[in-house]
Structures are given as C-alpha cells and as structure tokens.
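The values are calculated or read from the model by the stated rules, or taken from the named source; none is laboratory data. Keep in mind that this is a model prediction, so the values were computed, not measured. Counting neighbours? That spans all protein chains shown, and the Cβs are built from the backbone with ideal geometry, glycine included. Note: accessible area is taken over every heavy atom of the protein model, side chains too, but ligands, DNA and RNA are not part of it. Shrake-Rupley method; radii C 1.70, N 1.55, O 1.52, S 1.80 Å.
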Amino acid sequence: MGMKGKRLKSVRLDGKKEIHLRNCAPSVAVFFSYPTLIMSHFSKEKVREKMLEWYNAVLFRQYPLQIVFEEELDNLAPSVQALIAPSATYAKPETLRSVEKFLRRGGTVVADQRAFTLDEYGDPQKHPLKGRIHRLNASEETSGEALRGILEKNKVRRYGTVTALSGPSLQ
C-alpha cells in the first residue's frame, strides 16, 4: 500500500516527532488521567514514564491509537477495541462508569495495578469497577511486552504485520 493520497498528521510526545495516518480509525485508546497527573505531585507516581512506556509499546507494534481524556471516554469511536490506562490511579466516579460502559460493549481494558482504585480526592472508590480488567504493573519495563501480548490475544486490529519466512516457507 503506497502513501499516495494519504494525509499525514504530525504528533509530538516527549520531544520526538511521530507520524500517524490521519484517516485510519484508532483501535487502541490510551487514557490520560488528569486527576492522576494532579495528584502525582503528592503521590510521586511516575505518570510521564508510565504513559510513554505503554504509548511506545503500542505505537511500535503498529496499533492505530489515540490519546483520550475523561470527557471523551463516553464517546469512543466504534473502531476502538482496547482502552489502556498506564497511569490512572485517581479517577472520578463518572470515569469508572464510562470504563464499565466500554467493557459492556465488548472492549478490552488493560490498566496499571492501581488504576481506578482511588477517587479524585485520594479516597478509595465507593463503587469499584465491575468487569474484566487486565492488570499489569506499568512501572515495570516488561509491562509493555505483556500489554502487547494482551492486545494480540484479544485480536485488536493493527495497521499491518510483517512475518519473516523461515524453513519450508522459503522454498
């Protein structure tokens, strides 16, 4: 497939320039939690590092992605098959309801071990999330590979893949 006629969009994250196809619908949404970012000043959670680790893990495996915020969770595109939350310890009750809605529609959710456990004030959630959530420790460098494994197992759509030929396939 050539690039002729495709419109390109440039996105900057961590000072590096990434190129994404504008007209390819995302299959993965990376959730950015404002409450967790705000509380990271007190909790010392490494929001930036966790976000970049999982963002890169998904991007480099050719998953079309978008970054979403609390107010966008209720309106995720039908093409989004997976929601990943590398750093979302603190969340509003509305956020939990939106994640549950995504799970009910058949979406896959992969989150850090502590994601969605505290409300935006740092208190335990009154109504914890219901539904199957894959939990990983986003602080571990190996979590990116585990994340990709979960996406692959759940058949989340990628731009494309290249498989090396070996053995009898070469003949």
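On a full-extension model of 0.36 nm per residue, what is the gain between A25 and K130, subtracting their alpha-carbon distance, rounded to one decimal in nm?
Once the chain is fully extended between A25 and K130, it gains 35.0 nm.
Tell me, what is the per residue accessible area of the range 60-110 in Å², probe radius 1.4 Å? Show your work: numbers first, answer last.
Details: 2170 Å² over 51 residues.
Using a 1.4 Å probe on heavy atoms only, each residue of the range 60-110 averages 43 Å².
Given a Förster radius of 22 Å and the C-beta distance between K101 and N137 as r, what FRET efficiency does 1/(1 + (r/R0)^6) yield to the nearest 0.05?
Calculated transfer efficiency: 0.25.
Could you calculate the FRET efficiency of D123 with Q62 from 1/(1 + (r/R0)^6), where r is the beta carbon distance between them and R0 is 41 Å, rounded to 0.05?
0.55
Within the set K46/K92; K46/K155; K44/K153; K101/K155, which residue pairs have Cα atoms separated by over 26 Å?
As for pairs spanning more than 26 Å Cα to Cα, those are K46/K155; K44/K153.
Relative contact order (percent) for the range 22-171, with alpha-carbon contacts under 8 angstrom and 6 or more residues of separation? Don't skip to the end; give the middle numbers.
On the way: 248 pairs, mean separation 42.3, N = 150.
Relative contact order, the range 22-171: 28 percent.
As an exercise, use a Förster radius of 22 Å and the Cβ-Cβ distance of A146 and K46 to find the FRET efficiency, rounded to the nearest 0.05.
0.80
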